[in-house]
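The structure under discussion appears below in the form of structure tokens.
The values are calculated or read from the model by the stated rules, or taken from the named source; none is laboratory data. Since the model is a prediction, treat every value here as computed from it, not as a measurement. For neighbour counting, all protein chains shown are included, and Cβ atoms are generated from backbone atoms with ideal geometry for every residue, glycine included.
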């Protein structure tokens, strides 16, 4: 058994590295036809899933059994059929040409292996959703089974549709970039940089978590992966200086979730959005920039106010790296990110920009003697392997979401749902937005962000656009709530991951996360009523919106935490929160009212005796020198495993 598992791990490494090299080759030399590229992409993902996720896992081993090998063989056959018969697939006329029994058999097999692999990778919610949509089409519409199978498998509108294209051309390259960057020292740079900037300040480890998660999340684009990477370092430090375990877990979960909206490299769903909007990824990053900064400002201020209220101090400055030292020794490792941004701004495509970023990592690491030791063949192979394995989750999510999209498009269900939302809201914008928010969070519970966003685009965005919301704001609205479902109870997968490290109760941590991330729930309403927050409109309007929104976010953080300049009494907190909501809504009168309320609250906070007594914190802790963890080699058979507090078989969202 040990020898079998040894060779199995080698096989997984070979398949994963081959997958990464295939996508690098395609990005450099150009893609083959759509069916070949997307079917090959799914084929690699399915093989890795069935090799790494056997259906039966004993304590003695995790090797696939006979049933797993059967699924793997069927996956290869169903993925290879469109490639072998690519001329037939590309030249036939949909809905006119015959669909043979062989075509139908491979279509059924492909749907089965995709849904089963998705269930193993991210849990049952998304596959059950896809089955529910398929059941609706089969039993409640007049669609013939043969036409359903044809549309799902033999066109580029469903299973092999836009989500598959984005996964195979955009996302996999950025995932590979993130994995290589982490293993070749850029992850350590982010941690050292954050420690040097904020580690010594009040509540330092929590601020380190916010800064590091924002930096790392902008590369990884995955909330749970971000928690598991940075949280293993920051959560114990937060607990050690006196933060309660639920609060420590919540800080990391909320900060890691925000990485998916933080440019320059956002979550996978951002690339899907660019495709749906028919615009460049750079424009999507521009839409997200100001809301993302407000999100992180709110979390940063919340942990600062909490630290000041509890009297928590930072880490000993003598034990922390210096900013100048970090930049001298490792600052050049920011160059790959700068190259990606510069290439995007020069007008090149996102895949080409990611490729240039990947190609730049090795030369940049070799630039200085302080980082050359990070570069080894083993780490490069480990990064290529991790990049492929991490992209499996995205690929399977996109495949299953494509099935749902196919049903919605073929049956016209999206128009029906739009009518239901408009009727329920009676064509009033605010009720429609609230209904969309609730539906978006429910649809996103337990799902990775990408499929949750894709389903919402098909079901919810048309209703918002029909109510007069700009299409960019409508997409960003549902995008935010697809992301925030990761910290919203009862199914908050980022919180579950954080609880596995903080050893805190799930519900306590979930509600602390909702409180910390409350600004994130408000920001989508802000840019619906004021699209200037998305950098749309005249510059002076955008500047005014940015200033008032920043003030509103700061006041909201103070009101929720009960501290601003000093501990706040009940009246002051109410005034802070009222001023925040008034400033958040665009408009001259609301801005003036918000400033007046905010000034009144600030004066009361300065002069009125506080209702909350400042607690004496634990003082300055004595800690040894702080070192950022380096990435350990991955175990492909374990990379899909969830933390102990997480429901079984749940995985990081893409």
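Quick notes on this structure:
- For residue 188, the conditions (1) surrounded by fewer than 24 Cβ atoms within 10 Å (Cβ to Cβ); (2) over 30 Å from residue 323 (Cα atoms); (3) touching a residue at least 12 places away in the same chain (Cβ under 8 Å) all hold with the exception of (2).
- The range 344-416 holds helices (runs of 4 or more DSSP H) entirely within its bounds, and those carrying 1 or more residues that are farther than 16 Å from residue 184 by Cα map to 350-365, 377-411.
- Reported count of residues in the range 85-99, each being exposed (fewer than 13 other Cβ atoms within 10 Å of the Cβ) and either in a helix (DSSP H, G or I) or in contact with a strand residue (DSSP E or B) (Cβ under 7 Å, 6 or more places away or on another chain) (or both), is 2.
- Residue in the range 485-500 that is within 24 Å of residue 275 (Cα to Cα) and either within 19 Å of the chain's Cα centre (by Cα) or crowded, with 24+ Cβ neighbours inside 10 Å (or both) present: yes
- Output for the range 368-387, where each listed residue is within 16 Å of residue 27 (Cβ to Cβ) and at pLDDT 95 or above: 384
- Scan of the range 560-573 for residues that are within 17 Å of residue 522 (Cβ to Cβ) and in contact (Cβ under 8 Å) with a residue 40 or more places away in the chain, ordered by number: 560, 561
- Taken over the range 465-491, the criterion of being farther than 28 Å from residue 124 by Cβ and in contact (Cβ under 8 Å) with a residue 60 or more places away in the chain is satisfied by 470, 471, 472, 473, 476.
- Taken over the range 72-87, residues that are more than 18 Å from residue 42 (Cα to Cα) and touching a helix residue (DSSP H, G or I) at 6+ places or on another chain (Cβ under 9 Å) amount to 0.
- When restricted to residues that are surrounded by 17 or more Cβ atoms within 10 Å (Cβ to Cβ) and free of Cβ contacts under 8 Å to residues at least 24 places away in the same chain, the range 426-450 contains 2.
- Of all residues in the range 223-262 being outside any helix (DSSP H, G or I) and either more than 21 Å from residue 481 (Cβ to Cβ) or not assigned by TED's automatic domain parsing to the domain that holds residue 282 (or both), the one that is farthest from the chain's Cα centre (by Cα): 242
- Residue count for the range 491-518, restricted to those that are under 20 Å from residue 478 (Cβ atoms), in a helix (DSSP H, G or I) and either modelled with pLDDT under 85 or in the same structural domain as residue 560 (by TED's automatic domain parsing) (or both): 1.
- Lone qualifier among 274, 288, 302 - being modelled with pLDDT under 90 and part of a helix (DSSP H, G or I): 302
- Residues that are surrounded by fewer than 22 Cβ atoms within 10 Å (Cβ to Cβ) and touching a residue at least 12 places away in the same chain (Cβ under 8 Å) within the range 574-587 comprise 574, 577, 578, 581, 585, 586, listed in sequence order.
Results for (1) over 30 Å from residue 359 (Cβ atoms); (2) touching a strand residue (DSSP E or B) at 6+ places or on another chain (Cβ under 9 Å); (3) crowded, with 19+ Cβ neighbours inside 10 Å, shown as yes or no for each residue.
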{"site": "11", "(1), (2), (3)": "no, no, no"}
{"site": "19", "(1), (2), (3)": "no, no, yes"}
{"site": "25", "(1), (2), (3)": "no, no, no"}
{"site": "36", "(1), (2), (3)": "no, no, no"}
{"site": "44", "(1), (2), (3)": "no, no, yes"}
{"site": "55", "(1), (2), (3)": "yes, no, no"}
{"site": "66", "(1), (2), (3)": "yes, no, no"}
{"site": "72", "(1), (2), (3)": "yes, no, yes"}
{"site": "75", "(1), (2), (3)": "yes, no, yes"}
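- Number of positions in the range 355-367 that are closer than 29 Å to residue 195 by Cβ and either at pLDDT below 90 or out of contact with any helix residue (DSSP H, G or I) (no Cβ under 6 Å at 6 or more places or on another chain) (or both): 2
- Flag for residue 112 being exposed (fewer than 15 other Cβ atoms within 10 Å of the Cβ), out of contact with any strand residue (DSSP E or B) (no Cβ under 8 Å at 6 or more places or on another chain) and part of a loop (DSSP other than H, G, I, E, B): no
One line per residue, one yes/no per condition, for (1) within 28 Å of residue 12 (Cβ to Cβ); (2) buried (at least 23 other Cβ atoms within 10 Å of the Cβ); (3) in the same structural domain as residue 171 (by TED's automatic domain parsing):
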position: 308; (1), (2), (3): no, no, yes
position: 318; (1), (2), (3): no, no, yes
position: 332; (1), (2), (3): no, no, yes
position: 362; (1), (2), (3): yes, no, yes
position: 385; (1), (2), (3): yes, yes, no
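- The range 509-522, subset within 17 Å of the chain's Cα centre (by Cα) and farther than 12 Å from residue 489 by Cα, residue surrounded by the fewest Cβ atoms within 10 Å (Cβ to Cβ): 521
- Positions within the range 275-284 being buried (at least 22 other Cβ atoms within 10 Å of the Cβ) and touching a residue at least 24 places away in the same chain (Cβ under 8 Å), in sequence order: 281
- Screening the range 197-255 for residues that are surrounded by fewer than 23 Cβ atoms within 10 Å (Cβ to Cβ) and touching a strand residue (DSSP E or B) at 6+ places or on another chain (Cβ under 8 Å) and picking the one that is modelled with the highest pLDDT gives 242.
- Residues that are assigned to a loop (DSSP other than H, G, I, E, B), assigned by TED's automatic domain parsing to the domain that holds residue 290, within 15 Å of residue 528 (Cβ to Cβ) and modelled with pLDDT under 85 do occur in the range 425-441, at least one of them.
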